[in-house]
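The values are calculated or read from the model by the stated rules, or taken from the named source; none is laboratory data. Only a predicted model underlies this, so the values are computations on that prediction, with no experimental measurement involved. Here the Cβ positions follow ideal geometry from the backbone for every residue, glycine too, while neighbour counts run over all protein chains shown. Note: areas computed on protein heavy atoms with side chains; ligands, DNA, RNA excluded. Shrake-Rupley method; radii C 1.70, N 1.55, O 1.52, S 1.80 Å.
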Amino acid sequence: MALSPEVKKLIFEAARAAGDELKGKLPPHPMHPKGRNSHAHVFERIRTAMGKSYKDCDDWEADRILRIIERCVKYPC
């Protein structure tokens, strides 16, 4: 079963806030000479950790996704 609309909105807003917080804090990368997109970084980290998009996850996985988002902010890379 996919995420409910309420949980999907909660995760999206948390990821967006994390992206806002990471703006300008990500280290430079040779693949991104004009700077890194902090919002895309957060969503990519979720996809890497979960093996799928957050939209394809179930409600019971929401806590894990939120912990991934928190870790992105705490340890920007």
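Can you match Cα Rg over 2.2 N^0.38 Å to one of these, [x] 0.97; [y] 1.02; [z] 1.10, based on a calculation from the structure here?
[z]
Residue by residue through the range 48-57, which ³J(HN,Hα) values in whole Hz follow from phi under the Karplus form 6.51 cos²θ - 1.76 cosθ + 1.60 (θ = phi - 60°), with glycine and proline marked x?
5, 5, 8, x, 6, 5, 4, 5, 8, 8
When you count, for each residue, the other Cβ atoms within 10 Å and take the mean per peptide, how do 23-32, 54-63 rank with the highest first?
54-63, 23-32
For the chain, with every protein chain kept in place, what is the accessible area per residue (1.4 Å probe, Å²)?
70
Can you give me the % of accessible surface on the chain that is carbon or sulfur? Probe 1.4 Å, all protein chains present, nothing else counted.
Result for the chain: 55 percent of the exposed heavy-atom area is carbon or sulfur.
Please tell me the relative contact order of the chain in percent, rounded to the nearest whole number, where contacts are Cα pairs under 8 Å and at least six residues apart.
44
Could you state how much accessible area PHE43 has, in square angstrom rounded to the nearest 10, with a 1.4 Å probe and all protein chains kept in place?
For PHE43, solvent-accessible area is about 60 Å².
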